[in-house]
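A.B. asks: Attaching a single structure in structure tokens format; questions to follow.
The values are calculated or read from the model by the stated rules, or taken from the named source; none is laboratory data. In this text, all values refer to a predicted model and were calculated from it rather than measured experimentally. Neighbour counts run over all protein chains shown; Cβ positions are idealised from the backbone, glycine included. These area figures cover heavy atoms from the full protein model, side chains too; ligands, DNA and RNA do not enter into them. Shrake-Rupley method; radii C 1.70, N 1.55, O 1.52, S 1.80 Å.
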Amino acid sequence: MAGLSVRGWVTGGGAVGVLVAAGAWAMWSAAGVDERLWGEVRPVIEARLAADSRGSGYGETVPGIGARWFCRAEALQLDERDGQVRAGVNTLCMEYGARDEALVECSGGRYPQVVRLERAADGGYRVVSRERPPDGAGYAEWTRSRFGLLAESAAEDPMSSETLEAAARAHFRLPANAPVGAC
């Protein structure tokens, strides 16, 4: 009978520990990002992601669709020291084109990255380096070593492509309800 009580306490204690960790993570992730700073560096990061994606998509080889890359980033970690910013981000880049009044999805990728930025002469920021995980075997280890256990979990969260689709429809002057097809 005593064994059942101890087992119950251990199980209950473990459950409480998980809840406390989840709550701490939620509070940390919400409180851990300086929204003002993120508002300054996010457009710079997203523009760099799109620029670096050019030339790597299938849609760029398909004539007549005008394929273009659209990217978004979500902050996992953000740290500024002495004009230098380290941004741990989750990224989603999608390549879209247009054909017959429809949006066509050609290529895409989602993965966490570490982006380092510094203040530029004009007072804004510029990207000085980007690190992304290796494909395959080293992915989990790379992510854990760059983000820690809690942010590693957040890096695996899915990212919606809805805002990218909306931006692509606007870019190609398609109706807001234009269907999305394959390249």
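A.B. asks: Determine whether the stretch 111-120 contains at least one residue that is more than 30 Å from Arg173 (Cα to Cα) and outside any strand (DSSP E or B).
C.D. replies: Yes, the stretch 111-120 contains at least one residue that is more than 30 Å from Arg173 (Cα to Cα) and outside any strand (DSSP E or B).
A.B. asks: Just to be sure, is Glu165 in contact (Cβ under 8 Å) with a residue 60 or more places away in the chain, in a strand (DSSP E or B) and of a type in the set (D, E, K, R)?
C.D. replies: no
A.B. asks: Are any residues in the stretch 45-72 touching a Gly at 6+ places or on another chain (Cβ under 9 Å) and open to solvent by less than 40 Å² (accessible area, probe 1.4 Å), and if so, which ones?
C.D. replies: Scanning the stretch 45-72 gives Ser53, Gly57, Gly59, Val62, Ile65, Ala67, Trp69.
A.B. asks: Do you know which of the residues in the stretch 73-107 that are of a type in the set (D, E, K, R) and free of Cβ contacts under 8 Å to residues at least 40 places away in the same chain is surrounded by the most Cβ atoms within 10 Å (Cβ to Cβ)?
C.D. replies: Arg86
A.B. asks: Also, I was wondering about something else. What's the number of the only condition in (1) open to solvent by 70 Å² or more (accessible area, probe 1.4 Å); (2) touching a Cys at 6+ places or on another chain (Cβ under 9 Å) that Asp135 fails to meet?
C.D. replies: (2)
A.B. asks: Would you mind stating whether Arg110 is surrounded by 17 or more Cβ atoms within 10 Å (Cβ to Cβ) and under 16 Å from the mean Cα position of the chain (by Cα)?
C.D. replies: No: the conditions fail for Arg110.
A.B. asks: Restricting attention to the stretch 113-131, and to residues there that are touching a residue at least 24 places away in the same chain (Cβ under 8 Å) and charged (D, E, K, R), which single residue is surrounded by the most Cβ atoms within 10 Å (Cβ to Cβ)?
C.D. replies: Arg130
A.B. asks: Quick one: count up the residues across the stretch 47-76 that are part of a loop (DSSP other than H, G, I, E, B), farther than 21 Å from Leu174 by Cα and not basic (Lys, Arg).
C.D. replies: 3
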